[in-house]
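Written out below as structure tokens is the structure these notes cover.
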């Protein structure tokens, strides 16, 4: 049996090699493709560049091959864009042509093959999902409705840290408490509910399943089976685990949150004065036949990953940079005390009156961009970009981190220096008004969560700096800011211990 399997595998490889060589020659004559390393049959450039396609490795390749280059990863074409001009083409000028999403074998599982909003192809389904999600999640009305809850959650963090004697001496892993805060911020919006503590059994289950989903999806370990179909049988075990995690997550969302809200709606009148929570609006759309039950659950899935985790990463990076740059932390604290008065706790409207706080947030998002390659784009049909032919269904990565950290475009980009946004970059905003700086993307497929992320970042960092002196643990001059990249994520490798010395007002 083993010998028969080996014979079939070898035959399959031989046929694939012949086909790959033939197709490559035909396409090479027909297309003017972007430059890149010379691919080999079947494997393409995978043997040369490996699985770890993080933003820094892709930056090194851009320095060698130029602002647009092509990697053939097995049977997939991967086009990497590394200049503001080409980013504008992909995201704005040709936003329709490059407006779809490519998925891989793992994301196909976690999104039900595009039944969500974030990873679906550009078209009617995406427009419908975007419209349905905008009103309950991504408007200024939502910010004004829920900002009191965000302020309350930040106040609870401050209170809990003050009560913890370890915080002021040996330090605590602040991220754990901030994770609870972020879940509560978003679950208030989604389901009008919150978790009382880190030990809440439902929160523990939810956090574990979401963490496993993120680990499985962001890993580079499965790339070989995604790029090279003949190797996909070796992924069976991995994909089986992914499916089990997906099923358990969706069942948890359904049983403990969606169905509970339905029961409440059947016994309590839901008025139309704007006080509905997000899931009420989503369920209304389902009742009207606009979406189905799976779409409802995948919307919840998207928010659990795209809104909670990414904002948490940015908060964690912001704290790390403030700890490692005490002079910047002191300057921010001085602004808070001067503008608001010592002890007057920052609120959402206050964030707009604090330019140095805004600069700290911008600089955090520039140097430590949570989604450094943005969410991948795709062209459904053959297209042109930068004078090159881009074959249909190519995966397009915009190296947004390099756009914001290229020394040709930024002064001393490796420095954490918020002052740059008062000086040479005073006109640059996070909303994509400058194609060198795209922390949330721009155009049709930009991240709508910017309207929630920026005020939450401002409230959280502001409250922490107002109430504590944030320091590295005893015996350390700085905390470790080693990066951990994923398929398109950038978070801190080690969740550091932070000393939080309470201020007396």
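Taken together, the values in this text are just the output of simple stated rules run on the coordinates, not laboratory data. As the structure is a prediction and not an experimental result, all values here were calculated from the model. Every residue, glycine among them, receives a Cβ derived from its backbone with ideal geometry; neighbour counts consider all protein chains shown.
What ranking do 247, 226 get, fewest neighbouring Cβ atoms within 10 angstrom at the top?
Taking fewest neighbouring Cβ atoms as first place, the list is 247, 226.
Going by a ≥ b ≥ c, the root eigenvalues of the Cα gyration tensor, does segment 220-312 fall in the rounded group (a/c under 1.5), the prolate group (a/b larger than b/c) or the oblate group?
The shape class here is prolate.
In nanometres, what is the gap between the two model label sites at residue 293 and residue 424, each 7 Å from Cα along Cα-to-Cβ?
Result: 5.8 nm between the two label points.
Under a crude label model (7 Å from the Cα following the beta-carbon direction), how far is residue 382 from residue 408 in nanometres?
3.0
Using the Kirkwood radius over C-alpha pairs as Rh, can you work out the diffusion coefficient of segment 433-475 via Stokes-Einstein at 4 °C, viscosity 1.567 mPa s, in µm² per second?
Numbers: Rh = 13.0 Å.
D, rounded to a whole number, is 99 µm²/s.
Residue 135 to residue 38: extension gain in nm, 0.36 nm per residue of separation minus the Cα-Cα distance? Provide the component values of the computation, followed by the final result.
Values: separation 97, 0.36 × 97 = 34.92 nm, distance 4.79 nm.
Fully extending the segment from residue 135 to residue 38 adds 30.1 nm.
With r defined as the distance between the Cβ atoms of residue 255 and residue 338 and R0 fixed at 51 Å, what FRET efficiency is calculated, to the nearest 0.05? Show your work: numbers first, answer last.
On the way: r = 50 Å, r/R0 = 0.98.
The formula returns an efficiency of 0.55 here.
Could you calculate the FRET efficiency of residue 494 with residue 353 from 1/(1 + (r/R0)^6), where r is the beta carbon distance between them and R0 is 35 Å, rounded to 0.05? Display every interim value, and only then the final one.
Working: r = 35 Å, r/R0 = 0.99.
Once rounded, the FRET efficiency stands at 0.50.
I'd like the projected area of the chain, averaged over all directions, using the convex hull of its alpha carbons. Report it in nm² with one decimal.
If I average the Cα hull's projected area over directions, I get 26.3 nm².
Report the gain in length on full extension from residue 159 to residue 267: 0.36 nm times residue separation, minus Cα-Cα distance, nm rounded to one decimal.
Numbers: separation 108, 0.36 × 108 = 38.88 nm, distance 3.56 nm.
My answer for the length gained is 35.3 nm.
Would you mind classifying segment 118-251 by shape? Square roots of the alpha carbon gyration tensor eigenvalues, ordered a ≥ b ≥ c; an a/c under 1.5 is rounded, otherwise it is prolate if a/b is larger than b/c and oblate if not.
On the way: a/c = 2.65, a/b = 1.38, b/c = 1.92.
Because a/c hits 1.5 or more and a/b fails to exceed b/c, segment 118-251 counts as oblate.
Using only Cα atoms, tell me the angle between helix 140-163 and the longest principal axis of the chain; keep it within 0 to 90° and round to the nearest 10.
The angle comes out near 70 degrees.
Only counting other Cβ atoms within 10 Å, I'd like 310, 364 sorted with the fewest neighbours first.
Exposure proxy ranking, most exposed first: 310, 364.
Share of antiparallel DSSP beta bridges in the chain, in percent to the nearest 5?
80
Compute the distance from the alpha-carbon center of segment 195-251 to that of segment 337-373, in whole Å.
Comparing the Cα centres of segment 195-251 and segment 337-373, I get a distance of 34 Å.
So what's the angle, to the nearest 10 degrees on a 0 to 90 scale, between helix 55-65 and the longest Cα principal axis of the chain?
The angle comes out at about 50 degrees.
Mind listing P(r) for segment 353-505? All alpha-carbon pairs, 10 Å bins, whole percents.
9, 31, 35, 17, 5, 2, 0
Helix 236-253: angle to the longest alpha-carbon principal axis of the chain, degrees 0 to 90, nearest 10?
40
Report Rg (one decimal) and Dmax (nearest whole number) for segment 330-418, counting Cα atoms only, units Å.
In order Rg, Dmax, the Cα atoms of segment 330-418 give 19.6, 59 Å.
Apply the Debye scattering formula to segment 249-390, with a single equal point scatterer on each alpha-carbon and no solvent, then give log10 I(q)/I(0) at q = 0.12, 0.14, 0.16, 0.17 Å⁻¹.
Debye intensities relative to I(0), on a log10 scale: -0.84, -0.95, -0.99, -1.01.
Report, to one decimal in Å, the Kirkwood hydrodynamic radius for segment 91-135 based on all distinct Cα pairs. Kindly include the intermediate steps, with their values, before the conclusion.
Details: mean 1/r = 0.0900 Å⁻¹.
11.1 Å is the Kirkwood radius here.
Provide the FRET efficiency to the nearest 0.05 for the residue 128-residue 170 pair, computing r from the beta carbons and using R0 = 51 Å.
Numbers: r = 52 Å, r/R0 = 1.02.
After rounding, the FRET efficiency stands at 0.50.
Using the C-alpha gyration tensor of segment 445-505, what are the square roots of 5 times its eigenvalues, in whole angstrom, with the largest one first?
26, 21, 5
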